[in-house]
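Here, each number is a calculation from the coordinates, and none is a lab measurement. Being a predicted model, the structure only gives us computed values, none of them experimental. Cβ: placed from backbone, ideal geometry, glycine included. Neighbour counts: every protein chain shown.
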Amino acid sequence: MADSEAIRSSATTIADRLDRTCTVIVNYQTPDLLEDAVASFKRFYPEVHLVIVDNGSKDESSNVIRRLCKEYHLCVFLFLKKNLGHGPVMHAMMERAEYEFYFLLDSDTVTKKGGFLEKMLAEFDDGSVYGVGKVAPFNKHGFHDEESGTSMLIAAYMLIRSSFYQGLPPFEHHGVPVARNFYESSKKGYHMIDFPIERFIDHLHRGTVGRFGYGLGLKGKINYLLNKLGL
């Protein structure tokens, strides 16, 4: 009896966390990829809140997004007047802190099977966990560093506890927009949990960056130089 009650309690906890979870997909002129990302995610998670943020697209994206949000339950959209960069848009959503958990999902992804959000949310039983997803070592400049890098989540599909985000450096316009935020979070003792999200979601690697680049300009060159100098 006690075991069955514990199982029901655990299930209720995860169900409650799903209700307090929001998925965010940022789009910039990749409506063809966005359709697949939304449809495949909603196939497995029709009751999870989804926000589609359009980052100043000048193509037919707005029509596609409106249609998607009519078609799928708990789907809303936000249109920005100009492209702010992926990192700043993620920051704007996290800063709102309207949900306890944010699942940040790239527009060039295809969800293959469900069950991953429940498993990821269960990791937050540990009060020190900040995020769950695919972990890789990067330094504070966002460069891969196997020897001394900090464990950071790959931004394409990561689940974040929003309360921990507040008070940390914002996600920024960068090749690795999470780098500074995650670097500082590790100094606070927050933990990242490695989860095999790639078994559930394909990241196609042919989204906005593949078509339009990072657009970092001088900022990208300065960051590269700082990394080379070890500063």
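For the pair residue 125 and residue 110 in one chain, pulling the backbone fully straight at 0.36 nm per residue adds 2.6 nm over the alpha carbon distance. Distance between the 7 Å Cα→Cβ label points at residue 163 and residue 79: 3.7 nm. Scoring 118-125, 155-162 by mean Cβ neighbours within 10 Å over their residues and listing the highest first yields 155-162, 118-125. Sparse packing (at most 13 other Cβ atoms within 10 Å of the Cβ) combined with a DSSP loop state is found for the following GluC sites (Glu not before Pro) in the range 34-84: 47, 60. Dipole magnitude for the range 59-100: computed about the Cα centre from +1 point charges on Lys and Arg Cβ and -1 point charges on Asp and Glu Cβ, it is near 200 debye. Extension gain, residue 39 to residue 15: 0.36 nm times the residue separation minus the Cα-Cα distance gives 6.5 nm.
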